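The values are calculated or read from the model by the stated rules, or taken from the named source; none is laboratory data. Everything quoted here is computed from the prediction, not taken from an experiment. Here the Cβ positions follow ideal geometry from the backbone for every residue, glycine too, while neighbour counts run over all protein chains shown. Heavy atoms of the whole protein, side chains included, go into the accessibility calculation; ligands, DNA and RNA do not. Shrake-Rupley method; radii C 1.70, N 1.55, O 1.52, S 1.80 Å.
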Amino acid sequence: MKILSSVLVSATLLLTGMWAAIWVQVEHERSAAIETAVNRNQNLAVAFEQYVTRTIQGADLLTRTMKAQIERAGAEAALHQAVADGLVNTNLYYGVQILDQNGFLLAGTVHQTTPGLNYGDREHFRVHRLIADLGVYIGKPIPLRLSEGTVIPITRRINLPDGSFGGVVIVMVKPSRFTEFYKDVSMEGDDFIALVGLDRITRVRRTGSTETFGDDLSKSSVFANQSRKASDNVLTRGYKDGEMRYISYRTLTDYPLMAAVGISQKEVMADVQARAQTLILLSAAVSLAIIGITALLVMALRRKDLAVMQLQMTERQLTTLALRDPLTKLPNRIHLEQRGEDLIEASKMSGRPMACLFIDLDNFKYHNDAHGHAVGDLVLQAVADEVQKLVRARDLLARLGGDEFVVLLCDLDDARQESACVAERILDRFANAMQVGGQDMTISVSIGISLFPENGLTLSELLRHADEAMYSSKERGRARYNFFSIDMRRQNGEKLQMESAMRRAIRNHEFELYYQPQINLRTGQPVGVEALLRWHNPEMGPIPTDQFIPIAEESGLIIPIGQWVLETACRQMRLWHASGLSDLQLSVNFSALQFKQPDLIETVSDVLLETGLNPRSLELELTESMLLGSRDVIRGKLERLKQLGVSLALDDFGTGYSNLQYLKKYPLDTLKIDRSFIADLPHDADGEAIAGAIISMAHSLDLRVIAEGIETQAQADSVIRKGCTLAQGYLYARPMSALACFKWLHDPKAQDSNSIRSVA
Ligand code: C2E
Ligand code: MG
Ligand code: MG
């Protein structure tokens, strides 16, 4: 922009400067031309004046000489004498005439042979007759009577001896006599020289090659002006042709005449104008070039500016894009990190505490998998909108990614109390179903809170601690909030400890499989066993499955462990089959992570091949959560497992989403009713109804039903009444070591299931 304006300013200055210089130059040339013209004019006028004076003086001398001769010797004699003396030079004068007191031609070099010629009407005759002491009189141009032409009479009075009027002596001068001196002076079209009488009548005027005589100039602003100077240079408009001229005139000292030279302003200016025109044309061309170059420069700079602006805009857009989550339009992680540090700095300065809320959706994966990604996106947008409404404008709500959101509450008085208040508001908002994409959805969130400065001095610390607190909210049953505490820290530390202990456990063979029999309720005979993992840590002792299996799943350790479980259980079953228990079925629990493995089918078939177990004896226990997601992909996997010959059970039915669609859509064989439904039987009417419905529905879909967790006979009776034929539970047998189970299988009655060592 700066360059652009300086280019424009420079171009303007350049143009103004150039035109000013041209104007000054033209003006200078103009005044120089005028000065030259006026000087030349004036010089000409002076020369003209002198020439006229000399010419008239010559003629006047002749009149004076002749007057004296005539008065003394008479007209004829005087004329003869003058001619004889060579005074009547016909090169100079047209002729000489002598008139008597009545105007009759007495003698003359012109028309003297024509008798009776009378010139008494001539003005000069009458003037001389009237005025005795007039001296020389220069008359107006007069046309010749007997021949072509005009002459200017220069005249004197002749006195008779008594002093009375005796006639007039006339020397006739051709007008061209005055102008011929200038024939070599180049005169342009409108230039002129003129001899003008003080009576304002021109004696002669030559313009170019044309001569006029006797013009009346009483309308001329110069010659008619009474108060004009004797000699001057003026610029005036011609009263006849309107032409502007510089006129230099001089009044003759001895005669009532003015010698004038006029030069046309047009002529004077012609050269200047031509030069000015050339200069102007040249400058116009240069100006055009400057304007053109400036325009090109401006365009180029504009384009550059535009490009720069576009670049800046794109940069801004990119920055906005880089800092915003495109789905929810909330600040993203990068923005949170930048802004968060600023807020922390501000908090340090003001001394007012902050709080960091880590919000995670509890069942997002379900909504996403069950209703599709489009609905999942709507859920995230709805959550973003709702939470935004519940925080103040100065708080920062950001989406970290996935279903995780963070709120930074700043400028607080009591961070703990105020953040708890916001967390409760958020939980309240999500306690009821929300309308998302036209359907009612229950979306619950778990929140973890860390406080500044007590739980961390940097944003990353606050985030990590809030995240840990959020996990502990999940562990405590979801849809709740939880403050970060050192205690929790300890738990997390334990988690890490357990993870590394578990790694060692694989190497140290600390895992063991227990087996829990499954009973045919009609016959009371065991039909199968479920393999259940046990971990005896040398230092920590037996560790409950609900403590280590989730950590194994989280850390991925469940993959090698699950592999070991499958191999060990299949090998065990192969042995038991070989020992005569050939109808016994084996159930093995599968984790979601195992199910997701791309080589799942190969792993299972390899184990079956290696151990030599008949696939028909193996049942894989899956949970509902594994069946969420792309229906075709899951069905494909299930079908390929089925093609191996194994059967499939749906474990813990009733605790998840209890979606009957799975039962219809997927090739399942067995439904295991979760023990939470069994626990309240037969006393809980609702439980009774639900268990009854599940059993009859499963049967109608041709599924085997196993009631899990049967601890009492009443529970057994209840499920039997509902048509359930298979059960598993402490009533029959606890999970047992392989050896104990083997013994039990051979003689269940001989064993007291309660006395069997169990960690279940
Ligand atoms: P599950 O597959 O539903 O296993 C049944 C659980 O119920 C077992 O707990 C069993 O000891 C317990 N149980 C059986 N009868 C009764 C009863 O009458 N009363 C009560 N109160 N409990 C009973 P366990 O062995 O602690 O296993 C818990 C869960 O851990 C299993 O639930 C299963 O989901 C998981 N699990 C166990 N072993 C493995 C394994 O090898 N791999 C995987 N992925 N998960 C396993
Ligand atoms: Mg199971
Ligand atoms: Mg179960």
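Candidates Ile678, Ile706: the one that is modelled with pLDDT of 95 or more, crowded, with 22+ Cβ neighbours inside 10 Å and either assigned by TED's automatic domain parsing to the domain that holds Val527 or more than 16 Å from ligand 2 (Cβ to nearest atom) (or both) is Ile706.
Considering only the range 231-281, state which residues are farther than 22 Å from Tyr182 by Cβ and of a type outside the set (A, V, I, L, M). The answer is Arg237, Tyr239, Gly242, Gln273, Arg275, Gln277, Thr278. In the range 589-643, the residue that is nearest to the chain's Cα centre (by Cα) out of those that are among the acidic types (Asp, Glu) and open to solvent by less than 60 Å² (accessible area, probe 1.4 Å) is Glu624. Take Ile549 and decide whether it is on the phi < 0 side of the Ramachandran plot, open to solvent by 30 Å² or more (accessible area, probe 1.4 Å), within 16 Å of ligand 2 (Cβ to nearest atom) and of a type in the set (A, V, I, L, M, F, W, C). Judged against the criteria, Ile549 is a match.
Taken over the range 451-467, the criterion of being surrounded by fewer than 22 Cβ atoms within 10 Å (Cβ to Cβ) and in a helix (DSSP H, G or I) is satisfied by Ser460, Glu461, Arg464, Asp467. Scanning the range 356-414 for residues that are open to solvent by less than 10 Å² (accessible area, probe 1.4 Å), small (Gly, Ala, Ser) and modelled with pLDDT under 95 turns up just one, Gly376. The criterion of at least 3 residues that are touching a strand residue (DSSP E or B) at 6+ places or on another chain (Cβ under 6 Å) and in contact (Cβ under 8 Å) with a residue 12 or more places away in the chain is met by the following strands (runs of 3 or more DSSP E) wholly inside the range 375-441: 396-401, 404-409. If the condition is being in a helix (DSSP H, G or I), within 14 Å of ligand 1 (Cβ to nearest atom) and among the hydrophobic types (A, V, I, L, M, F, W, C), then the range 706-739 contributes Ala714, Ala716, Val719, Ala738. Selection of the range 706-745 for residues being in contact with a Phe, Trp or Tyr (Cβ under 9 Å, 6 or more places away or on another chain) and within 15 Å of ligand 3 (Cβ to nearest atom) yields Ala707, Glu708, Gly709, Ile710, Glu711, Arg734, Pro735.
State yes or no: is Thr236 surrounded by fewer than 19 Cβ atoms within 10 Å (Cβ to Cβ), among the hydroxyl-bearing types (Ser, Thr, Tyr) and under 29 Å from Glu29 (Cα atoms)? So Thr236 fits the description; yes. The single residue among Ile694, Ile720, Ile690 that is crowded, with 23+ Cβ neighbours inside 10 Å, away from ligand 2 (no atom under 16 Å from the Cβ) and not basic (Lys, Arg) turns out to be Ile694.
For Ser472, the conditions (1) within 16 Å of ligand 1 (Cβ to nearest atom); (2) of a type in the set (Ser, Thr, Tyr); (3) touching a helix residue (DSSP H, G or I) at 6+ places or on another chain (Cβ under 7 Å) are fulfilled apart from (1). Of the residues making up the range 608-621, one or more are away from ligand 1 (no atom under 16 Å from the Cβ) and closer than 15 Å to Gly562 by Cα. Checking every residue in the range 185-197 against the condition of being open to solvent by 40 Å² or more (accessible area, probe 1.4 Å), part of a strand (DSSP E or B) and at pLDDT 85 or above gives zero matches. When Glu539, Glu530, Glu512 are checked against the criterion of being open to solvent by less than 20 Å² (accessible area, probe 1.4 Å), in the same structural domain as Pro735 (by TED's automatic domain parsing) and over 60 Å from the mean Cα position of the chain (by Cα), a single residue qualifies: Glu530.
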